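**Student:** Sharing a structure, written as structure tokens. Questions coming.
The values are calculated or read from the model by the stated rules, or taken from the named source; none is laboratory data. What you see is a predicted model, and the numbers here were worked out from it, not measured in a lab. All Cβ positions, glycine included, derive from the backbone under ideal geometry; neighbour counts span all protein chains shown.
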Amino acid sequence: MKKRLIAALLCVAMIPRGVAQNLPDLGDNAASELSPLAEQRLGAQIMREIRWRDPSYLRDAEVEDYLNRIGDRLVAAGAGAGLPFQFFGVSDTSLNAFAMPGGNIGVHSGLILAAQSESELAGVLSHEIAHVTQRHIARMVGKQTQSGLLMLASLLVAVLAAKSSAQASQAAITAGMAVGVSNQLAYSRDFENEADRLGVQNLAAAGFDVRGMVSFFERLQKNARLYENNAPAYMRTHPLTSDRITEMENRVAQIPYHQVPDSLDFQLVRAKLKAGPQPSRELIAEFEAAARVGHPTVAAQYGLVRAYLGARRLADADRAMVELRKRNAPSPMIDGLEGDLRLAHADPAGAAKIFRDARARYPQSRRLIYGELEALIDAGRPADALTAVKAELQTTATDATLWELRARAEAALGRRFGQHRALAEVYAIRGNYAGAAEQLSLAQGAGDGDFFEQSAVDSRLREVRALLAEQMREMRESRGQH
């Protein structure tokens with residue numbers, strides 16, 4: 001996926017103006033920046049590639065929900081209120097975070113683990129949010145010139161390449177500078193300073209410790225000096241200077257200090273990421289040691305249960321869960337972990353009850369919703385699962401996971417029409433309109449849908465075919481231009 005996306009971006013970047021007239025409109029030719037609509041479209045296309053085709057996309061509803069909660073809190077406190085932000089995790093041990101067009105902000109798992117406080121993590125997010133609200137990517141395109149477009153592509157290539165290869169990232173940046181990006185470096189430093197200034201303001205307005213932003217950047221700078229040839233990925237895409245650090249320190253010194261404790265969610269997310277899906281014996285021993293101290297934290301005990309579960313040491317996980325429950329710490333993540341443990345014991349009925357009871361306390365938790373639906377299907381109650389998933393889809397119709405679960409429930413009930421109808425929406429959400437049209441055609445021929453359902457599918461098929469025709473037209477024009 002990464003190679004395809006990079007190639008596509010570079011193709012767009014290197015098309016001369018006269019040949020690029022059939023590309024999706026990127027704004028008025030006289031405009032000095034990428035138009036907001038074009039920025040949203042570009043961001044949506046990139047996110048679709050990452051979410052559905054990049055294996056490093058972190059498919060973890062609990063982590064993504066947490067990032068969006070903290071991100072939304074920061075957005076609401078500043079100039080971004082009302083803008084369509086999305087925050088997501090990337091399974092990568094490097095220290096990196098990046099903003100993309102359209103308000104999409106990715107955070108590497110390595111950066112979350114490296115943050116020593118929630119305010120540090122919030123500081124990085126606040127900085128990235130400022131890049132979006134100030135439309136830095138759009139403004140860096142300049143006047144829609146060839147070199148401006150190449151700069152946009154080079155920046156996006158660098159962000160993606162930095163996930164796996166410092167050399168590839170540097171090569172992408174160098175290639176962009178070779179055709180005119182170098183004359184924009186001072187402008188880029190201005191953007192970084194602006195993001196620092198607004199980031200500190202938003203961090204304070206959202207109720208976080210502003211010193212967290214400075215401490216994290218200082219640690220990154222120190223690591224860069226110690227490991228000059230292997231600087232953190234974040235510093236490769238966000239050049240950090242002593243002047244920037246000094247300016248941030250001066251701003252922070254003017255803000256009254258108040259201690260801000262970490263949320264339990266922050267601690268649990270870090271414990272979950274640290275445990276991973278298959279923890280090593282050494283890591284399990286580390287969690288065991290942390291849980292043996294005089295007063296172990298809730299996160300340490302949670303991490304131990306998670307580690308035992310990943311290693312399939314279910315009896316140990318049961319005992320650790322009993323100790324965790326004794327702490328009386330309310331959290332949907334703890335409830336979800338207990339549900340996962342029941343599923344591991346092949347007790348989907350027990351898991352369904354845990355998820356259902358927890359959903360009454362945390363109705364917005366996607367993890368609990370998915371868990372209950374999966375458990376109901378596995379427990380032989382697909383009709384109950386179908387009723388529940390239909391209710392959820394009334395308010396979240398673009399959730400592909402819900403449509404996948406609906407397809408499973410429909411299939412378990414022997415409803416071929418409903419199964420194909422649901423799968424069509426999964427394909428459509430992923431941008432595979434050809435697959436969506438095929439599934440809708442299969443639904444038409446299934447023979448077990450009523451008149452109203454058939455009419456709805458007929459209408460949806462016309463919509464999907466129109467989207468497919470538009471998609472094919474853009475692909476033909478793109479091939480013709482390259």
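**Student:** Kindly indicate whether any position in the range 241-249 is among the hydrophobic types (A, V, I, L, M, F, W, C) and surrounded by fewer than 12 Cβ atoms within 10 Å (Cβ to Cβ). Before you say what the answer is, go through the steps one by one.
**Tutor:** Here is the first cut: in the range 241-249, the ones among the hydrophobic types (A, V, I, L, M, F, W, C) are 245, 248.
With surrounded by fewer than 12 Cβ atoms within 10 Å (Cβ to Cβ) added as a condition, the list becomes none.
No; the residues of the range 241-249 include none that is among the hydrophobic types (A, V, I, L, M, F, W, C) and surrounded by fewer than 12 Cβ atoms within 10 Å (Cβ to Cβ).
**Student:** Quick one: count up the residues across the range 290-326 that are in a helix (DSSP H, G or I) and either more than 26 Å from residue 92 (Cα to Cα) or of a type in the set (D, E, K, R) (or both). Spell out how you get there, then give the answer.
**Tutor:** Just the residues of the range 290-326 that are in a helix (DSSP H, G or I), to begin with: 290-291, 298-310, 314-325.
Subsequent filtering for residues that are either more than 26 Å from residue 92 (Cα to Cα) or of a type in the set (D, E, K, R) (or both) retains 291, 306, 314-325.
Number satisfying all stated conditions: 14.
**Student:** Next up: For residue 73, are the conditions met, namely being in a helix (DSSP H, G or I), at pLDDT 90 or above and surrounded by fewer than 19 Cβ atoms within 10 Å (Cβ to Cβ)?
**Tutor:** Values: in a helix (DSSP H, G or I): yes; at pLDDT 90 or above: yes; surrounded by fewer than 19 Cβ atoms within 10 Å (Cβ to Cβ): yes.
Considered against the rule, which asks whether it is in a helix (DSSP H, G or I), at pLDDT 90 or above and surrounded by fewer than 19 Cβ atoms within 10 Å (Cβ to Cβ), residue 73 comes out as yes.
**Student:** Follow-up question, since we're still on this one. Report yes if some residue within the range 173-188 is at pLDDT 70 or above and assigned by TED's automatic domain parsing to the domain that holds residue 132; otherwise report no. Outline the logic, then answer.
**Tutor:** Taking the range 173-188 as the starting set, the residues that turn out to be at pLDDT 70 or above are 188.
With assigned by TED's automatic domain parsing to the domain that holds residue 132 added as a condition, the list becomes 188.
So far as the range 173-188 goes, yes, one or more of its residues are at pLDDT 70 or above and assigned by TED's automatic domain parsing to the domain that holds residue 132.
Results for (1) hydrophobic (A, V, I, L, M, F, W, C); (2) outside any helix (DSSP H, G or I); (3) under 20 Å from residue 49 (Cα atoms), shown as yes or no for each residue.
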{"site": "434", "(1), (2), (3)": "yes, no, yes"}
{"site": "449", "(1), (2), (3)": "no, yes, no"}
{"site": "465", "(1), (2), (3)": "no, no, no"}
{"site": "468", "(1), (2), (3)": "yes, no, yes"}
{"site": "475", "(1), (2), (3)": "yes, no, yes"}
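**Student:** What pairs come out if I take residues in the range 358-376 that are in the same structural domain as residue 388 (by TED's automatic domain parsing) and pair them with residues that are at pLDDT below 95 and aromatic (Phe, Trp, Tyr) whose C-beta lies under 7 Å away, six or more apart or interchain?
**Tutor:** Note: no pairs meet the criteria.
**Student:** When you go through 271, 233, 275 one by one, which is the residue that is outside the structural domain of residue 327 (by TED's automatic domain parsing), surrounded by 14 or more Cβ atoms within 10 Å (Cβ to Cβ) and modelled with pLDDT under 85?
**Tutor:** On the way: 271 fails: modelled with pLDDT under 85; 275 fails: modelled with pLDDT under 85.
Residue meeting the stated conditions: 233.
**Student:** Answer yes or no: is there a residue in the range 417-428 that is charged (D, E, K, R), surrounded by 18 or more Cβ atoms within 10 Å (Cβ to Cβ) and farther than 24 Å from residue 354 by Cα. Write out each step before concluding.
**Tutor:** Here is the first cut: in the range 417-428, the residues charged (D, E, K, R) are 421, 425.
When the remaining residues are screened for being surrounded by 18 or more Cβ atoms within 10 Å (Cβ to Cβ), the result is 421, 425.
Now drop any that are not farther than 24 Å from residue 354 by Cα, which leaves 421, 425.
Yes; the residues of the range 417-428 include at least one that is charged (D, E, K, R), surrounded by 18 or more Cβ atoms within 10 Å (Cβ to Cβ) and farther than 24 Å from residue 354 by Cα.
**Student:** Additional query: Can you confirm whether residue 422 is under 23 Å from residue 376 (Cα atoms), without any contact (Cβ under 8 Å) to a residue 24 or more places away in the chain and aliphatic (A, V, I, L, M)? Give the steps one after another, and end with the answer.
**Tutor:** Values: under 23 Å from residue 376 (Cα atoms): yes; without any contact (Cβ under 8 Å) to a residue 24 or more places away in the chain: yes; aliphatic (A, V, I, L, M): yes.
In short, yes.
**Student:** Taking the conditions exactly as written (closer than 15 Å to residue 130 by Cβ, touching a helix residue (DSSP H, G or I) at 6+ places or on another chain (Cβ under 6 Å) and buried (at least 19 other Cβ atoms within 10 Å of the Cβ)), does residue 99 satisfy them or not?
**Tutor:** On the way: closer than 15 Å to residue 130 by Cβ: yes; touching a helix residue (DSSP H, G or I) at 6+ places or on another chain (Cβ under 6 Å): yes; buried (at least 19 other Cβ atoms within 10 Å of the Cβ): yes.
The answer is yes for residue 99.
**Student:** Can you pull out the residues in the range 278-323 that are in contact (Cβ under 8 Å) with a residue 12 or more places away in the chain and β-branched (Val, Ile, Thr)?
**Tutor:** Matches in the range 278-323: 284, 297, 298, 305.
**Student:** Could you look through the range 441-468, keep only residues that are in contact with a helix residue (DSSP H, G or I) (Cβ under 7 Å, 6 or more places away or on another chain) and aliphatic (A, V, I, L, M), and pick out the one that is surrounded by the most Cβ atoms within 10 Å (Cβ to Cβ)?
**Tutor:** 443
**Student:** Is it the case, given these coordinates, that residue 430 is under 24 Å from the mean Cα position of the chain (by Cα), at pLDDT below 95 and in the same structural domain as residue 329 (by TED's automatic domain parsing)? Break it down into steps so the answer makes sense when it comes.
**Tutor:** Working: under 24 Å from the mean Cα position of the chain (by Cα): yes; at pLDDT below 95: yes; in the same structural domain as residue 329 (by TED's automatic domain parsing): yes.
Yes: the conditions hold for residue 430.
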